[in-house]
Amino acid sequence: MAVSAAYIEDVVLVDRCIGGEQAAARDLFRRHRARVHASLFRVLGGNRDMDDLMQETFLQVFQSLPQWRAEASLATWIDRIAVRVAYRWLRRRGPAPPPLELFDDDAVVPASLGGVRRQLARDGVRRLYAALDQVTPAARIAFTLHEIDGRSVAEVAELTGATVTATKVRLWRARRQLDAVKAGDPVLRELLDGTGGAA
Amino acid sequence: MTRLGDRVHVVPLEDERLARIERAIVAGLPARRPARPPWRAVAPWLVAATVAAAAVVAWRVVPRRAEATVAPVMVAAGHDGARIDLGDAVVVAGGGASFTVVRPGDAVEIVLAAGRIDLQVASRKGRSPLTVHADDVDVVVVGTRFSVARAAEVEVTVTEGVVRVERGGHVDTLAAGDRWAQPARIAVADPAAAPAAAPGGDTDDAPGARRDGDRVAGGVATGDGDAIEVLHERVATAPPDEPGGTGSDRDDRGDRGASRGDERDGTTRGGSAHHPAVAPAPPMSELERDIRDQPLARPVDIGDVRGQQALEVYTRMAIDETGAAASAGYYGMAWVQLDRGRDNDALRALTTYQSRFPKGDEGEAVRWMELRIRCLRKVDDACRRAAHTYIEHDGGDGPRGRIASRVTAAH
C-alpha cells in the first residue's frame, strides 16, 4: 500500500464523509477537485462536458467511499474512478469533433507564446485532440495520462486497471495513429516533434 | 525540448461553475447516514488503551481471507501508553504515540504517525512480512522484537532477530542490538518529550552529519565521521538491489550484445555502462567492421522499457495485432533478442517475419539484421544466402547493398 503523510488525514476525512457530514464531503471535493479536473481536461481536451463528468466522478466517489480499503492512497483511488468515468463517457460519445471551446480558448496554450507561435500551438493542440478522437478510448486515456498528464506507465496501468504490458500496447497504438496523422499535418508534427514525449 | 504536457494548458473552471458542481454533488449525497462498514464501527481515534483494546478485538474477529484487506484501525495512545495485541504481534505504544494498522491480505502494515512503538512479532514464516512505515522509512520484519520511533527523526532499535530498513531505495539490515536513526523527512513533535527537549543537538547534525542510510550499530548516533565511513562501506558491499546490476540478463547479453547496443544508437544506455574489456578484442576484419558500422533501424517506440518487458510488449503486439502492427511486433522481438545477445531467438523472429510479412514495412531492416547476425558469426553459405536475399530485394547500390555484394564475393 502507498503511504503518504496525508494518509491518516484521508482516513479521518473518509470516515467523516461516510458518517454523513456535508462539511467533510465539501472538504474532500475541494481537496481533490483540481487534480481530478486537470486529469479529465487532459484526457478530453476541453471543459465542455466537465460539469457532468466532475459530478459523476465525485458522486461515484461518495457512493463508493465505504469500499475504500486504503490499499491505494485516496487520491489514486479517486483518480481511478475519474478515469473510469472518462472512459465510459468517451465510449458513449464515440468519435466526435473536439469541443469548440478548445478552438477559441486562448488559455489552452502557454501564455508565454505570442503571435504566430501561439496560433500554431493552439491549432496543434486542437489537431492533437481531433486525432485522438480517432483512437480507441482505452488508447486515448493511456496516451493522455502518460504523455500529457505526465503519469508513469505503471501509474496509468494502475489507474486503468490494465497490466503494464497492455498499457504499453495502448500507448503504442495511440502513437502509431498520431504518427499516421502527423505525416500529413505539419502543424501537428510541429507540436509533437517539438516536444519530447509524443509520437 | 518541452514535454507535450507543457503545451496543453488546463483551462481552469470558473469559481461559479465549481460552486455549482459542488452544490450538485452535495445535493446528490444520500440523505440518511449510511451504515458504517464493520471496520469503521471503531471510532477513529482511540484515546485510551482500553478503547484501543476493544477496537482491536473488533478488528481481530474479521475473517482473514488470503486476499482480503481489513481496512485501517487507528490508535492513539493516552499519556500512559497502550499495549495492543494484534494476534500475530504485540504493539506497546509509548505515551502519545499514534499509529494506524492495516492488513492487506496476510500482511500487516503499521503506519506510525508519531511517537514510539515497541513490537514483538511472532514468526511470519509463510506469511507476508509486517512492515512499519514511519515517514518515508519502511521497517520490514519477518519475526523479531524491535521498536520504531518517529519524531524529529526516525529511529529503529532491534532487540531480537533481524529487520530490514528501507528508505529511498537504500536497504539496511539490522540485527539484535543495532540502532538506526536519521532525520525524518516530515518531522513530528515527540509526544513523549518535554517541549524544550527538541532543539540543540538535532539542528546541529541534521543537514550533513547524518545522511540517508546512516546507521549506528549498538550505540547512539553521533554524526562522527568514522562511523559514517563504516556505514558507507557496509552499504557499498551489500548485494546490489537494482535489476540488471548483476542479473542474468547481463550475462546473457555478453560483451557482443552490449557493444551492439552502443553502435546502434551511438550512446551508452542506462544499465549497460561499459567497463574496460578484460581481454583485448580480436582484430576485426574490414568487412566485419563495415557491417557493424551500419546502424540497425530501431523498432517502434514503446516507451522507456528494455529487456524482458520490451520483449513482452512486442510479443503481445505480434500476437494480438494484425498487419503492420503485427509485423512491427515481430521486428521489435528480433531487435530485443539481438540486443540481449540471443541471436538464435532473433533469427527465429526474423524468419517468422519474412514468411508472414514478405512485403512488411520493416522488410529491409529485417533482411539487414539477418545478414548482420549471420555474417558476423561466420562468412558461410547462410551468410551469403542472406546477402543474396538482401541484394535481390533491396539492390546492391546503396551502402548496405555494396557490403552485401562484398559478402557474396568473400571467402
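Here are a few things to note about the model shown:
- Cut-off under 5 Å, modelled amide H: who pairs with B:A114 long-range: B:S98
- Computed packing ranks the peptides B:388-399, A:160-171 as A:160-171, B:388-399, most packed first, by mean other Cβ atoms within 10 Å.
- Amide H contacts of B:G95 (H built 1.01 Å from N, under 5 Å, at least 5 apart or other chain): B:G81
- Inter-part distance where segment B:383-411 and segment A:56-95 are each reduced to a Cα centre, Å: 58 Å
- Relative packing of peptides B:348-359, A:43-54, B:146-157 - highest average C-beta neighbours within 10 Å first: B:146-157, A:43-54, B:348-359
- q = 0.23 Å⁻¹: log10 I(q)/I(0) that the Debye formula gives for segment A:1-94, counting C-alpha atoms only: -1.19
- Near the amide H of B:V154, within less than 5 Å, lie the amide hydrogens of B:Q182, B:A184, all on another chain or at least 5 residues away, with H placed in the peptide plane.
- Local electrostatic count at B:G395 - Lys and Arg +1, Asp and Glu -1, tallied over other residues with Cβ under 15 Å: 0
- The mean count of C-beta atoms from other chains within 10 Å of the C-beta of residues in A:163-170, rounded to a whole number, is 5.
- Simple Cβ-charge dipole of segment A:1-94, Lys/Arg +1 and Asp/Glu -1, about Cα centre, in debye nearest 20: 460 debye
- Residue-averaged beta-carbon neighbours from other chains (10 angstrom radius) around B:319-325: 2
- Residue-averaged beta-carbon neighbours from other chains (10 angstrom radius) around A:10-18: 4
Read the figures in this text as sums done on the coordinates, not as results from a lab. These numbers were taken from a predicted model, which means no experiment stands behind them. Using ideal geometry, Cβ is built from the backbone for each residue, glycine included, and neighbour counts are taken over all protein chains shown.
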